[in-house]
Amino acid sequence: MKILLVEDDRRASEYLAKGLRELGHVIEQVFDGDGGLKAAETGSYDVLILDRMLPRLDGLEIVKRLRATGSGVPILILSALDEVDERIQGLRAGGDDYLAKPYHLEELAARLDALARRQRESGSISKLLIADLELDARARRVTRAGRKIDLTAREFQLLEFLMRHAGQVVTRTMILEGVWDYHFDPKTNVIDVHISRLRQAIDKGFERQLLHTVRGAGYTLTEDA
Amino acid sequence: MLLAVAMVAVLGGVYFVTSRIIATEGDQLIALEAQGLAEDYRDRDLDAFVTAIADRAEDPWVRGGVYELRGPRGDFLAGNVVVLPELAVQPGGWAEFEVAVTRGDANASRRIRARVVELGGGFRLLVGHDVQDRGAFRAVMLRSIAWAVVVTVLFGLFSGWWLGRRIARAAHAIGDSAGRIASGSLGERLALTGSGDEIDTLVSRFNDLLARVESLTTTLRAVLDSTAHDLRGHLNRIRGAAQDARRTAVDPEQAAATEAVLAEIDRLGTTLQGLLRIALAESGTAPLEDVNLSAVATELADFYQPVAEPGQLTVAIEPGLVVRGHRQLLAQALANLLDNALKYGRGTPILVTVRRDAGLARLEVRDAGPGIPVEYRELATQRFRRLPGSSGLPGSGLGLSLVAAVARLHQARLEMSDAGPGLRVVLGIPLTRAASA
C-alpha cells in the first residue's frame, strides 16, 4: 500500500521506511508537520503514519485539520509519549491507532494492515465467515461445518476480533488492546493460552486448521496456510 | 475550664483575705475601745464612768456601738443592751449575738460582735459593734464573685466553641483540599476568609506551599516527559538499526547477535515503560474517574483464569464497588499481584476478593505459597528489588513498586501479611461517596 510517513527523526524514519519497503509498501517521507499536512491534503494514501510531536505543526493538530476537512484516511499515530492518557488524546483527535516507540516493525506492519483493511471493509457486518467457520455477531452464535460451538463471552469476542482481521496478522498487543482494552504487558503468556483454548474450540477435530501462529509476530486466522 | 478553675481560686483568695482583714480590723477597733474604757474606769470615779457609758449608749445605732455595764452583784448600771447575764463568756473573750432593733416601723435584727472586759472590783463591761454590715458585705462579695465566675465560664465556653468551630472549619477545608491534592488536583487552593487572623495566615501559608508543590510537580513531570520522550526516541532508533541489521544479516552468528541485541533493547524498553508508569502514578497527575473496581477485578481474574491450574484461582467479588481511580493503572496493579501469585505461589490456591469494608473497597489477593518474610515486605515494594531465591524467575523487580505507587495514587494503603501459609496483599481504596452511601 501507499503510505505517508511524517516523522522528524530522520534516522528512525529511514529505518522504518526501509523496513516497510521490504514488506512491499510504497513510502513517502516528510520530516515536518507543515509538509506532512500539505502532502496528506494533496496526495492520495492508503494510510498515514504521523509522529506525535513534530516541528512546526504538532501531529495531533494535523489529525484534527485533516478530519476537519472530511478526510477519512486511516491514521496511525506514532509517539514517544506513551501513556494511556496520551493515547486517548490521540484517538480522540481522530487518530485510528496509536503505537508507542520503541515499536517492533512487525507490530507496526500488522497495525497498518488492519487499518487499511478496515477502511475497505465496513466493521458493521454482523455475519462473518471464513471457510466453514461462521460467526453471527448479532445472534452471538458460532458454528463450524454447521455444528454449533459453545464459547465463553470473552472467547466469542476474541474470535470476532480475529475474524474481523481474517487473513491479517494480529499481534498480542493488538489482541490485548482490542479484546480486553488492557494497555500493559501482562508478563505471562496469557494471550497465548487464550488463543490455544480458542483453537481447541474451533479447530480441534477438523482437518483444516484456521488459527495459526505467526512466529515472532502474533496470530492469524486464515484458510489459506 | 482551666480558666474558670483559676478564676474561682483567685476570687476565692480575694474573698478570704478581704473578709479576714475586715474581721481583724473590726475586732481591733472593739478591743481598742474596750481597752480605752477600762483605763477610763481606773482613772475616773464610778459615777462619771457610768454616765460616760450611758452617753455612749444613748444613740447606739448612730455609731453602731453596743455597751452594757454591770456591777459586782450583776446589777445593770448602764448600756443599751441586756445580754450579759445570758452570755457565757469569760472576761477578755468574744461573743456574737443578735439584737432586735426597731427603726421606724421596721423591726430588724442586727448582728453584734462584742468583747467582755473585767474592770476590777467585780464590774464587767461589754463593748460591741454592729457587724451586720460585715456579713452583708461578705454576701455581696460572694454574690459578685459567683456572678463573675458564671459569666467568665459562659464567655469562656462560648468563645471556646466559636473558636473551635472556626478552627474545625479551617481544618476541614485544609483536610479536604489536602485529600483532593493528594489525588492529583494540584491546582487546588484554599479560600481566604479575609479577616487577616491567624487562620488566614495559616491558609495563605498553606496556599504558598501548594503553589510550590504544584510548580515542583509540574517541573518534575515536564522533565520526566521530555526525558522519557528522548530515551524512547533513542531506543527506537537503536531498535530500528538493530532490526535492519538482523534482516540483512547473512551470517547466522551475526543474526544471533543482533537477535540478542533486540531482546536487550526490548527488555530495556519494558523497564523504562515500567518506571514511567510508576512515575506517572506517583506524580499524582494521572486523571481519575469513577471505576467499577468489582468489574475490573472480575475481568482480570477471568483474564488470568486460563493460565492457572483448574480450580486454582477462585474469586469472591462483591459487585458494584465504585472507586475514584485510574482503570488502566488499577488493572495493571491487580495484574501484577495475580502474576506474582501465579509465579511465586507455586500452584497453591489463589483467592481474589473484593468487598466493602467501612467506606473502603477492600481488594485482596492471597496465595498459599511461601509468602514474603516480614523483613522483606517493605523492601519488596522498592524499585528493582527482588527477593532472595527469585532470581531464577522472570521479573523486573518493578511489579510491587507499581502496586505501591498505584495504591498511593488512590489514597489506599498497601498491606502485606502472612496468610499462613502464603502471602496476603490488601489494598483498601476509598469508595466514591455514591458507592459508600
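The values are calculated or read from the model by the stated rules, or taken from the named source; none is laboratory data. Fair warning: this is a prediction, and the values are worked out from it, not measured in the lab. Positions of Cβ are backbone-derived with ideal geometry, glycine not excepted, and every protein chain shown enters the neighbour counts. Side chains are part of the model used for accessible areas, which takes the heavy atoms of the whole protein and leaves out ligands, DNA and RNA. Shrake-Rupley method; radii C 1.70, N 1.55, O 1.52, S 1.80 Å.
Observations, loosely collected:
- Acute angle (nearest 10 degrees) that the helix B:399-409 long axis makes with the longest principal axis of chain B, alpha-carbon atoms: 40 degrees
- Normalising the average separation of contacting C-alpha pairs (under 8 angstrom, six or more residues apart) by the number of residues puts the relative contact order of chain B at 10 percent.
- Gain in span if fully extended, residue B:144 to residue B:289, counting 0.36 nm per residue against the direct Cα distance: 45.8 nm
- Under the Karplus curve 6.51 cos²θ - 1.76 cosθ + 1.60, θ = phi - 60°, whole-Hz ³J(HN,Hα) for segment B:297-304, x wherever Gly or Pro sits: 5, 4, 4, 5, 4, 4, 5, 7
- Per residue solvent-accessible surface (Å²) - segment A:171-225, probe of 1.4 Å: 48 Å²
- Delta accessible area of at least 50 Å² on complex formation, residues of segment A:94-114, 1.4 Å probe, chain isolated as reference: A:102, A:104
- In loop segments of segment A:1-73 as defined by DSSP, the trypsin sites (Lys or Arg not before Pro) with at most 14 further C-beta atoms inside 10 Å of their C-beta are A:56.
- With the biggest extent put first, the Cα atoms of chain A measure 58, 35, 33 Å across the principal axes.
- Anchor residue B:343: lysines whose Cα lies under 17 Å away (excluding residues fewer than 8 positions away in-chain): A:187
- Shown is the FRET efficiency for residue A:61 and residue B:222, computed with R0 = 22 Å from the Cβ-Cβ distance and rounded to the nearest 0.05: 0.65.
- Summarised in one figure, the compactness ratio Rg/Rh of the protein assembly as shown, Cα atoms and Kirkwood Rh, is 1.45.
- Three-way shape call for segment B:263-351 based on the alpha-carbon gyration tensor, with the a/c threshold at 1.5: oblate
- Cβ-Cβ FRET estimate between residue B:375 and residue B:209, R0 fixed at 45 Å, reported to 0.05: 0.80
- Furthest towards positive pole of dipole, B:310, B:224, B:296, structure part segment B:222-311, Cβ charges: B:224
- When peptides A:45-51, A:101-107 are sorted by average Cβ neighbour count within 10 Å, with the highest value leading, the order is A:45-51, A:101-107.
- Top positive-direction residue, dipole computed over the protein assembly as shown with Cβ charges, set B:286, B:334, B:196: B:334
- J(HN,Hα) series, segment B:418-432, from Karplus relation 6.51 cos²θ - 1.76 cosθ + 1.60, nearest Hz, glycine and proline x: 7, 8, x, x, x, 10, 10, 10, 10, 10, x, 9, x, 6, 5
- Using the 1.4 Å probe convention, the accessible area of chain B works out to 53 Å² per residue with neighbouring protein chains retained.
- Candidate lysines - alpha carbon under 24 Å from residue A:148, same-chain residues fewer than 8 apart omitted: A:127, A:204
- Heavy-atom accessible surface of segment A:1-100, averaged per residue, reaches 41 Å², computed with a 1.4 Å probe.
- Percent accessible area from carbon and sulfur atoms, the protein assembly as shown, protein chains only, probe 1.4 Å: 55 percent
- Backbone N under 20 Å from the residue B:22 label point (7 Å along Cα→Cβ), restricted to segment B:139-174: B:139-150
- Buried area at the A:B interface is about 3600 square angstrom, summed over both chains, from accessible surfaces computed with a 1.4 angstrom probe.
- Here the dipole of segment A:71-220 is about 620 debye; that uses its Cα centre as origin and unit charges on the Cβ of Lys and Arg (positive) and Asp and Glu (negative).
- Projecting the Cα atoms of A:200, A:143, A:190 onto the charge dipole of segment A:102-225 (Cβ charges, centred on the Cα centre) puts A:143 farthest toward the positive pole.
- Computed from the C-beta positions of residue A:53 and residue B:174, the FRET efficiency with R₀ = 51 Å rounds to 0.85.
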